[in-house]
1. Starting from the range 449-474, take each residue that is over 20 Å from GLY342 (Cα atoms) and list its partners that are open to solvent by 50 Å² or more (accessible area, probe 1.4 Å) and basic (Lys, Arg), counting only C-beta distances under 7 angstrom and pairs at least six apart or across chains.
2. Can you list residue pairs whose Cβ atoms sit under 6 Å apart, with the first residue in the range 19-43 being more than 15 Å from ARG274 (Cα to Cα) and the second being β-branched (Val, Ile, Thr) and open to solvent by less than 30 Å² (accessible area, probe 1.4 Å)? Count only pairs 6 or more apart in sequence or on different chains.
3. Working carefully through the options SER65, SER61, find the one that is among the polar types (S, T, N, Q), open to solvent by 80 Å² or more (accessible area, probe 1.4 Å) and farther than 27 Å from LEU374 by Cα.
4. Based on this model, can you work out whether SER430 counts as among the hydroxyl-bearing types (Ser, Thr, Tyr), modelled with pLDDT under 80 and outside any loop (DSSP other than H, G, I, E, B)?
5. Limited to the range 151-166, what total is found for residues that are in contact (Cβ under 8 Å) with a residue 60 or more places away in the chain and either more than 16 Å from ALA253 (Cβ to Cβ) or charged (D, E, K, R) (or both)?
6. Scan (1) more than 22 Å from ILE416 (Cβ to Cβ); (2) open to solvent by less than 20 Å² (accessible area, probe 1.4 Å); (3) in contact with a strand residue (DSSP E or B) (Cβ under 6 Å, 6 or more places away or on another chain) for the single condition GLY343 breaks and write down its number.
7. Please pick out the residue among VAL77, VAL83 that is of a type in the set (Val, Ile, Thr), without any contact (Cβ under 8 Å) to a residue 60 or more places away in the chain and open to solvent by less than 40 Å² (accessible area, probe 1.4 Å).
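The values are calculated or read from the model by the stated rules, or taken from the named source; none is laboratory data. Since we're looking at a predicted model, the values are computed, not measured. All Cβ positions, glycine included, derive from the backbone under ideal geometry; neighbour counts span all protein chains shown. Keep in mind that these areas ignore ligands, DNA and RNA; they rest on the heavy atoms of the full protein, side chains included. Shrake-Rupley method; radii C 1.70, N 1.55, O 1.52, S 1.80 Å.
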Amino acid sequence: MRQYRMEHTLHDLEYERVLSLFFPFALSEEGKKHLRGLPFSRDAERISEIQRMIGEIRKISTQRSEKPDRFVSLAEVDRHLDVGAFSLRGEHLYMIKEYLNAAKAFSGFLRYTDPSVQEDEQYLVSEVIMSYTDVLERYRRDLDTAIESPGIVKMSHPAIAPLVRKFESKKRERGAYATGFLRDHESSAQSMTPSYRDNRVVLPIRNDHKGEVDGLLHSSSQSGQTLYVEPYTLVSYNNAVVQASEEIEREKARILRELSDAYLSLAHEFASLRQEIGYADAMYARAMAMDSYRLVFPLVSDTLDLKILGARHPLLGSDAIPISLEMTAPVNSLLLSGPNAGGKTVSIKTIGLLTLMHQYLAVVPAEEGTTLPLFSGVFTDIGDEQSIEKSLSTFSAHMQNIAGVLHGLDQHALIILDELGSGTDPEEGSAIGKSILEYCISRGGFTLVTSHHTALKQFAYTHRALINASMEFDETTHTPTFRIISGLPGDSHAIDTARRMELPAEVISKAETYLGEQNLKASEIIKRLEEKEREEERRLKEMEEKEKAIREKMRSLDLNELALRQKEVLLRQEQIGSLSAFIAQKRSELENLVAELRTGEITREKTRKMKSFLDTLDEKKDESTRQVQKMKQSLQTPEQTLSVGMDILVGEHKRPGTIVRFEKSQKVQVSVNGMRFTVDESEISPVGTNQQKKKPEKKKASLSYQVDTHAAMTLDVRGKTLAEAIETVDTQIERALLSGVLSFSIIHGLGTGVLMKGITDHLSSLPFVRHFEFARPEDGGHGKTYVELGS
């Protein structure tokens, strides 16, 4: 018996083609290699950690405008060393330099920190998956100093530069001698310009004057009129230039040799770096592919329950039709039936691919909320109608493969069998298919099967762990919709397909006759069930829409009622304000009256009655206040729970504002006229209901600050620095806005004038300051400023 191998599943589900979709996003060959070598993981914590790192890299990418550079391939360097070479050439060292440059940039990219997050909460993904060491950085700097494209030693290298200067000096000396010689022997010279032979300077001498110049003869012109002679003195100059050039070449060779030896000595560090780059780059490739292919992180099911939302086969691109499927215990097997070319095989392959991508790559092409179990393995037998290998998919080959599946599965395996029982006699095929399906269910594996056999559809109705499902077929257009309908078996619609393919009407008619009345009745029943399913879905959708409309209407009515009650509260509050003013006025009048009465005769009884009158007025005010508070409390229903974004009234003077966030100890950060500060929850009351967001979780860090809502009428900032004074002024303005104080004064003194100028400049920039001016001379003059607030 042949043992089942995972490679068969990867081939059936075309996983390698799916994996190749991530390669364009990888920065390095090491990243692609790591993607190819990813293990099939069953560790939920490990998958979660990988998803977290991918998410962090994705977040980093959105926060950084520059993307990391691609890595050059070091394959040629590896091949060079694999054949037994003991040193590297200049072009190899240049490749290594560029590789290290990219590694440094990638490490810096991964070390990006979020300035809005506390340091102890930063998640440095680079520290988890990649480390670029100091020793490699020193080697990179050495390479950068020495090597330039396409792999030559820089003439500016500290060891080369003085040799180059020496070389140029020798060349100038040689040139000066040559031009001087020609000038002194102008009658013998054929030209006043020296020539070159074998990188040596020679002089063009007339043939009829050759006896006048002693030296080495290199060659002659084609006409024989010119001889190219190297005078003996010029020989020493040429030799000096050659020696200086060779000295440069020797130094270059030494530098290349040392850099090559250094690379070999750092072999372990480079191997580690390349491995870490592969690991990090594989994460980066998945992070960058998420938006392009609309990938998500699936949730992990603790059981074999499965919930797939809007899954798409990644190889179909924009042609992919999303599929959704949900299966919960005790159901762990699905029999999918329906028309040919209706999407059965694509659907089960999509589910299989989602499992592979989840447990290999940690990302899947589906919608948020998709939940998948962690399987021990994926076993497949798929005869793809579109595959070139179809001609080899005989019944015996299927049985041989299924035998390996059945011997290898366990209770945590995912088994995918396409067209179970096909390729042989239908009756026998149904029998063996039913037996195989029952075996898979009894062993506890999660099983997905496609089939046209009626016997298998009937069997699905009798087994509690197995459910029928079908591929929807549009009876109007006679075409499949590629949508999965759970709970109903599917009709093959072979007659409809044949009719759509424009077979002759006579052939269709005969086929319907041969099919028999019973089969036609069963087919009609299935069609009516499908129609009924669609009708129920339409009704359910209509009911949901009506329910939604009713909820919106009820919410609108509640809001109107609440607005009326709040308006009543505000009116009562205005009445209390008027009453308070009235009491203050009457108290003042009575005090004046008392002062006048003191000039006359005042009895104890008169004084007692006057105080009683005042107390009665205070009691009336207090009673009105209690009534308002009672009405406010009645408005605090569960539907009126405070939430972020809610319109509110803040402080004693009910300044309109909005809730920004919730703090600790019943504190709430609010925004009033664009300024943010923190108040007690008891100091705010809702105006309307926005219910945009749930109450967020409380975070460690907060950018808000506590505000005392009592504003001072005179603010003294003398003795403070300008920064401290401005902060104090801002706090005063915030308190004033909350408490309804529209004017106050600031004592800043004269001094050097820094506080006076800084504060007045700051006040002029604030939109809430309507007017400010220096105090009257008798009240402090230029050492004091009056401030008026307003919009």
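1. Close Cβ pairs satisfying both conditions: ALA455/LYS434; PHE459/LYS434.
2. Once the first residue is more than 15 Å from ARG274 (Cα to Cα) and sits in the range 19-43, its partners that are β-branched (Val, Ile, Thr) and open to solvent by less than 30 Å² (accessible area, probe 1.4 Å) give SER41/ILE47.
3. Values: SER61 fails: open to solvent by 80 Å² or more (accessible area, probe 1.4 Å).
After ruling out the rest, the residue left standing is SER65.
4. On the way: among the hydroxyl-bearing types (Ser, Thr, Tyr): yes; modelled with pLDDT under 80: no; outside any loop (DSSP other than H, G, I, E, B): yes.
Considered against the rule, which asks whether it is among the hydroxyl-bearing types (Ser, Thr, Tyr), modelled with pLDDT under 80 and outside any loop (DSSP other than H, G, I, E, B), SER430 comes out as no.
5. The number of residues fulfilling the criteria is 1.
6. In the conditions (1) more than 22 Å from ILE416 (Cβ to Cβ); (2) open to solvent by less than 20 Å² (accessible area, probe 1.4 Å); (3) in contact with a strand residue (DSSP E or B) (Cβ under 6 Å, 6 or more places away or on another chain), GLY343 misses (1) alone.
7. Working: VAL83 fails: open to solvent by less than 40 Å² (accessible area, probe 1.4 Å).
So the residue among VAL77, VAL83 that is of a type in the set (Val, Ile, Thr), without any contact (Cβ under 8 Å) to a residue 60 or more places away in the chain and open to solvent by less than 40 Å² (accessible area, probe 1.4 Å) is VAL77.
Conditions (1) in contact (Cβ under 8 Å) with a residue 60 or more places away in the chain; (2) buried (at least 16 other Cβ atoms within 10 Å of the Cβ); (3) not aliphatic (A, V, I, L, M), marked per residue:
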residue: SER745; (1), (2), (3): no, yes, yes
residue: THR752; (1), (2), (3): no, no, yes
residue: LEU755; (1), (2), (3): no, yes, no
residue: GLY758; (1), (2), (3): no, yes, yes
residue: HIS762; (1), (2), (3): no, no, yes
residue: VAL769; (1), (2), (3): no, yes, no
residue: ARG776; (1), (2), (3): no, no, yes
residue: GLY781; (1), (2), (3): no, no, yes
residue: LEU789; (1), (2), (3): no, yes, no
